[in-house]
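Report on one structure; see the data block that follows.
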Amino acid sequence: MKSRFLILITTALMVFSLLACSNPKSEFATLLIYGGTIYTVESTSETVEAVATKNNKILFAGSSAEAETYKNEQTKVIDLKGKTMTPGLIEGHGHFMGLGYNELNLDLMNTTSYQDIVDAVAARVKTAKPGEWITGRGWHQSKWDSMPSETVHGFQTHHLLSEVSPDNPVYLRHASGHAGFANSKAMEIAGLQALVLDGTKTYDVEGGEVLVDALGRPTGVFNERAQSLITQHIPGKTPETDIKAFELAVEACHKNGITSFHDAGIGKETILLFEKMKAKGKMNTRIYAMLTGWDEDLLNEWFAKGPMVDTEHLMTIRSVKLNCDGALGSRGAWLLEPYSDRPDHFGHETLPMEFVKKTALNGLKNGFQVCAHAIGDRANREILDRYEAAFKELPHLTSDHRYRIEHAQHLHPDDIPRFAELKVIPAMQAVHMSSDRPWAIDRLGKKRIKEGAYMWQDLLKSGVPIINGTDVPVEPINPIASFYASVSRKTLKGMPKGGYEPEQKMTRAQALKSYTLDAAYGAFEEDIKGSIQVGKLADFTIYNQDLMTVEEDEILDTKVVMTIFGGKVVYTKK
């Protein structure tokens, strides 16, 4: 009897021990992923064989054998079949509703000539009612194959556009968003022709410029804040189109493997829309929103009530976006020295620097991160100066400010180390280099390009992370294009051989981190996302091939084949 009892006890202990070893926490996964290369973006373990998730959190990351212990009959299993998985990608600087509305309005991103724009508008006129506004975005004169015979300061004039749209006001935003192009009907509605007729020709706009011809007549191009002369007359969006644009933006994110999105400047209406979409269960992209700095009343309202950090990690508001200069393509970027191809012009200060200093102080006092748009070297220097002054004034509030400069595209060499010294994060969209570098040298000249433009590696070596992205809808949201630009320094056509200023290339590990963990850090969210680690959110992007090892000229062939958001598959490539 004693022997049988001992055998029973021993057997029971062995079974208990096996069960404890197989699943010590008695937890089972709702999703198990294995069968391919899985990059964790964790320094302790670059790749793992399998990942198990429970609901919207990561439960396990490690070997396939151990992952099996988290499986039961309810566990959904995804076999990667040799494909590659990374943490869910984070769009580090974009415009969410701009992405959606670009799907609704005329998309001019792929136009290669002025005639392409004219043809696109002419086609839309055929279906538009007389008097109905036609709007669009995406043209960029420096990317065209050829320029029209009539230009002013390197821009087209409105005459051809006006001929095909005599009864419809037209306004087409530049790809950068920092300029726009209007036809005669739109300028008539804005009352600009009347100014010419009565001889006043008063087009002075602080922080902007109306381009005029030799006779003082507006050419149709409106730079920076001068755009408001036209845009104030464009009818507002409707609740129906807002919802449709929102849904299209979510769909575009999923298709491109984007699970989180830093929305660079939103106002009251967009905040209300996002809250509505979240309440309806449609917030299927994690939004980290920056309050638009144009609305001081909005800023003061939020400074008074403090940041909103969402416990569901779907919509967080804890930062402010300041637009401090324009874009290089429209010659609105604010420079220390004049433009090489327009020697009398330095760009535009589009926001008073005293307001930047004031907002930097208010951000520190009220727990808000400040993210300032700066493309030109003077804008970057002026903002760094204002940040530094605020930090010195309130040193006890600067331990973890994570202030950012959005774009940081062209820097004076003396200012590059200041980012690390001040702990300011550059949010730089690598694909801008790919798109802009072929013509940017005309704006800045070889010396300024080589010493201060798109200085990724110098900034990384100085000790600061870089947040990557696309600035959608300035560029398509495709993260593969930005990843390729990061590591190749080439145009998307693969030119030039060896890349532009190749010493500034990112490594592939740096580029992936800039789209995941570093982007999460830039939003104070590195503890909940950005890498594959137990306890973090179950957001993943799956690709048809290993973008970390394929030949450089094959990177652009990489496709997102599946996107997982909160432990659920939200996109599968058909």
Quiz item: Only one of 410, 348 is buried (at least 17 other Cβ atoms within 10 Å of the Cβ) and under 20 Å from the mean Cα position of the chain (by Cα); which?
Solution: 410
Practice problem: Would you please list the contacts, defined by Cβ atoms under 8 Å and residues six or more apart or on different chains, that run from a residue in region 143-158 that is assigned by TED's automatic domain parsing to the domain that holds residue 111 and in contact (Cβ under 8 Å) with a residue 60 or more places away in the chain to a residue that is among the acidic types (Asp, Glu) and not in a loop (DSSP other than H, G, I, E, B)? | Solution: none
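Could you look through region 61-89, keep only residues that are in a strand (DSSP E or B) and surrounded by 21 or more Cβ atoms within 10 Å (Cβ to Cβ), and pick out the one that is nearest to the chain's Cα centre (by Cα)? Don't jump to the end; show me each part of the working.
First, pick out the residues of region 61-89 that are in a strand (DSSP E or B): 61-62, 76-79, 84-87, 89.
In the following step, the residues that additionally are surrounded by 21 or more Cβ atoms within 10 Å (Cβ to Cβ) were identified as 61, 84-87, 89.
Values: 61: 29, 84: 23, 85: 21, 86: 19, 87: 17, 89: 11 Å.
In this case the residue turns out to be 89.
Residue by residue, here is whether (1) of a type outside the set (A, V, I, L, M); (2) more than 29 Å from residue 364 (Cβ to Cβ); (3) surrounded by 15 or more Cβ atoms within 10 Å (Cβ to Cβ) holds:
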residue	(1), (2), (3)
211	no, yes, yes
214	no, yes, no
272	no, no, no
297	yes, no, no
312	yes, no, no
320	no, no, yes
325	yes, no, yes
Quiz item: Counting residues that are over 30 Å from residue 469 (Cα atoms), which helices (runs of 4 or more DSSP H) fully inside region 93-172 reach at least 1?
Solution: 114-125, 159-164
Practice problem: With respect to residue 221, determine if the residue is crowded, with 21+ Cβ neighbours inside 10 Å and among the β-branched types (Val, Ile, Thr). | Solution: yes
Quiz item: Considering region 369-389 alone, what residues qualify as being of a type in the set (A, V, I, L, M, F, W, C) and surrounded by fewer than 24 Cβ atoms within 10 Å (Cβ to Cβ)?
Solution: 384, 389
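Listed here are the residues, each with its yes/no results for (1) in contact (Cβ under 8 Å) with a residue 40 or more places away in the chain; (2) among the charged types (D, E, K, R); (3) under 21 Å from residue 469 (Cα atoms).
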position: 288; (1), (2), (3): yes, no, yes
position: 301; (1), (2), (3): no, yes, no
position: 306; (1), (2), (3): yes, no, no
position: 318; (1), (2), (3): yes, yes, yes
position: 329; (1), (2), (3): yes, no, yes
position: 347; (1), (2), (3): no, no, no
position: 358; (1), (2), (3): no, yes, no
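Out of 231, 259, 238, I need the residue that is of a type in the set (Val, Ile, Thr) and without any contact (Cβ under 8 Å) to a residue 24 or more places away in the chain. Which one?
238
The values are calculated or read from the model by the stated rules, or taken from the named source; none is laboratory data. The structure presented is a predicted model; accordingly, all values stated were derived computationally and were not measured. Heads up, the Cβs are rebuilt from the backbone with ideal geometry, glycines too, and the neighbour counts pull from every protein chain shown.
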